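First comes the structure, then the notes that go with it.
No lab work stands behind these numbers, since they all come straight from the coordinates. Note that the structure is a prediction, hence the values are computed from the model and not measured. Using ideal geometry, Cβ is built from the backbone for each residue, glycine included, and neighbour counts are taken over all protein chains shown.
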Amino acid sequence: DGGITQSPKYLFRKEGQNVTLSCEQNLNHDAMYWYRQDPGQGLRLIYYSQIVNDFQKGDIAEGYSVSREKKESFPLTVTSAQKNPTAFYLCASSPGRSSNQPQHFGDGTRLSIL
Amino acid sequence: QKEVEQNSGPLSVPEGAIASLNCTYSDRGSQSFFWYRQYSGKSPELIMFIYSNGDKEDGRFTAQLNKASQYVSLLIRDSQPSDSATYLCAVNLWGNAGNMLTFGGGTRLMVKP
């Protein structure tokens, strides 16, 4: 079945540690996104990529990094510079650059600090 | 500042009633509007999208768009307890890159049996 797979489902980070969240899609979508959601809040955009080997900062990129070496994959690294990383992280994808195309989400990764 | 605004709720309706969820947005030139449903602890799922002024119906759901007044709404007819969730409005705001969405904070809906 086509879809977006995020792993792991739960992740714990120690002080000073970098952690990487995986996002893989088999929908042949060009565009991929990472959002952060804090309890009771909406989604805030961290990074997005509209094409392989290119990505742009979103509204809250500080303390995060991404890569887009393959169309199917858009991993997010939460670095030690992100002082408040506890949140629900959502990866999404959409077919291309048209404004009429909705984004579809993976099941998310819940990150907590140990 | 580009914004999408929703009342956080909770909006409480009895089972069988019509639930009306509203969303306003900042940029008159915005083109595409999406409603997502998010159950507690889960990821958002797309339930409706609308691009043109007027109403769009899909089963028990109706999306209404008024670009002149800059609001989009979602009506849920014959509300069921299983509709209890947070509903997120997302807008492709004017000036965003082609497929970028700005999300509202969501409205929590509670349908009471």
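Determine by what factor the alpha-carbon radius of gyration of chain A differs from 2.2 N^0.38 Å, reporting the quotient.
1.00
According to a simple spin-label model (label point 7 Å from Cα along Cα-to-Cβ), what is the distance in nm between A:Ser112 and A:Asn53?
4.2
Each label point is 7 Å from the Cα along the Cα-to-Cβ direction; what then is the distance between the points at A:Ser22 and B:Leu46, in nm?
2.6
From the convex hull of the Cα coordinates of chain B, what is the mean projected area in square nanometres?
That works out to 6.7 nm², a quarter of the Cα hull's surface.
Round to a whole angstrom and tell me the spacing of the C-alpha centers of segment B:7-48 and segment A:21-39.
The two parts, judged by their Cα centres, are 21 Å apart.
Just to be sure I understand: with springs between alpha-carbon atoms less than 10 Å apart, which residue in A:Leu45, A:Leu90, A:Leu21 has the highest mean-square fluctuation in the Gaussian network model of chain A?
Of A:Leu45, A:Leu90, A:Leu21, the Gaussian network model singles out A:Leu45 as fluctuating most.
Relative contact order for chain B: what is it in percent, counting Cα pairs under 8 Å that are at least 6 residues apart?
So the answer I get is 38 percent.
Mind ranking B:57-66, A:11-20 by how tightly packed they are, going by the mean number of other C-beta atoms within 10 angstrom, highest first?
B:57-66, A:11-20
Once the mean 1/r over all distinct Cα pairs of the protein assembly as shown is inverted, what Kirkwood radius in angstroms do you read off?
By the Kirkwood definition, the hydrodynamic radius is 18.1 Å.
Using label points projected 7 Å from each Cα along Cα→Cβ, tell me how many nm separate A:Thr79 and B:Arg28, to one decimal.
Those two pseudo-labels are separated by 4.2 nm.
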